[in-house]
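Beneath this line is the structure, given in C-alpha cells, with notes to follow.
The values are calculated or read from the model by the stated rules, or taken from the named source; none is laboratory data. The structure presented is a predicted model; accordingly, all values stated were derived computationally and were not measured. Cβ atoms come from the backbone with ideal geometry, glycine included; neighbour counts cover every protein chain shown.
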Amino acid sequence: MKFTAADLRPAKARGEKIAVLTAYDYPAARLLDEAGIPVILVGDSLGMVVLGYEDTTAVTLDDMVHHTRAVARGASDALVVADLPYRTYDTPEQAVATARALAAAGAEAVKLEGGIRFLPQIEAILAEGIPMVGHLGMLPQSVKAEGGYRIKGRTEGEAEQIVADAVALSEAGVSAIVLEMVLPPVAARISAAIAAPTIGIGSGEGCDGQVLVLPDLVGLFPWFRPKFVRPEAELGVQLRDAARRFLERTRHPTL
C-alpha cells in the first residue's frame, strides 16, 4: 500500500515509529521499497557518500533532480522525499521553483534546513500543494559557517530556539521534522510538544522515527561512520573482497 505525506501525522498519532532511509539510485530505492521502508529520502548527503565531496554544499539542483528521478523509478510504495540543495531556497520564489523541479522529477515531498527564518519559503511551497518536511538541529548545509558538526540544544537558549522552531514548523503544516544531532532530552521534549512526527538522526530514541544514511547502515562507506550508527552489514568490506577475488580470477583463470 502506498505511503504518502498525509500518512505521517496519523502514524505519529497511532504511536507508530517511522523508519526512513536514504537512497540515491534505482536499485537501492527498489530494495528499500521491497523491504517495506515507508519513507525514502533522496538526501543531499549524496554529495559525500556518492559524489565524493567534502560536505553537502557542493550538491546542485541538477544533481538532486538526477538522483530523485532514479529513486522515483524504484519506489512504488514508499514516500519519496527530496532535499532542497544549498542556496536553492534563499527566497520564497526560488524555493518554489526548486520544489517544483524536484516534484517534477518524482519527489512527493521536499525538505529544507532551517526554522522560523524560513517560514516564508515553507509556506510558499505548501501553498503550491507540495508537502514539506523540516530539518532542525545540526544543519549540514551550514557546517562551514558553524565550523563543524556539533550536538545542538546543550544550552537553554539553544534548546528553546529549537523548540520554538519546531512548534512554528508544525503549526505551518509540515508533514514531519528531521531532528539531527539534537540533545536527546530536547528531542523528546519537541516530540511531545508537536503534532508533526519527529524523525531523529543522532537525537536519541525519544523521536517519533529514525532516519539513517543507507551507506552508513550497510557499511558501504567504510572510511567514516558516525558514532550513533550501528551498521547492519559491512558491504564495503564485502565489495572490496569480491573485487580482489575477481582480480585474482582474471589474472589466474585456472586457479
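Taking ALA193 and the conditions (1) touching a Leu at 6+ places or on another chain (Cβ under 8 Å); (2) touching a residue at least 24 places away in the same chain (Cβ under 8 Å), which numbered condition does it fall short on, given that it satisfies the others? It is condition (1) that ALA193 fails. Out of the residues in the stretch 100-130 meeting the condition of being touching a Gly at 6+ places or on another chain (Cβ under 9 Å), not hydrophobic (A, V, I, L, M, F, W, C) and not in a helix (DSSP H, G or I), tell me which one is farthest from VAL65 (Cα to Cα). Only one residue fits best here, namely GLY115.
Just one of the listed residues (THR56, THR88, THR60) is in contact (Cβ under 8 Å) with a residue 24 or more places away in the chain, surrounded by 19 or more Cβ atoms within 10 Å (Cβ to Cβ), more than 19 Å from ILE201 (Cβ to Cβ) and not aromatic (Phe, Trp, Tyr), namely THR88.
Conditions (1) without any contact (Cβ under 8 Å) to a residue 40 or more places away in the chain; (2) within 18 Å of the chain's Cα centre (by Cα); (3) more than 23 Å from VAL42 (Cα to Cα), marked per residue:
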{"position": "ALA127", "(1), (2), (3)": "yes, no, no"}
{"position": "LEU136", "(1), (2), (3)": "no, yes, no"}
{"position": "LEU139", "(1), (2), (3)": "no, yes, no"}
{"position": "SER142", "(1), (2), (3)": "yes, yes, no"}
{"position": "GLU146", "(1), (2), (3)": "yes, no, yes"}
{"position": "GLU156", "(1), (2), (3)": "yes, no, yes"}
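Determine, yes or no, whether GLU158 is acidic (Asp, Glu) and within 24 Å of VAL80 (Cα to Cα). In short, no. As for the stretch 31-39, it holds no residue that is under 20 Å from ALA101 (Cβ atoms) and modelled with pLDDT of 95 or more.
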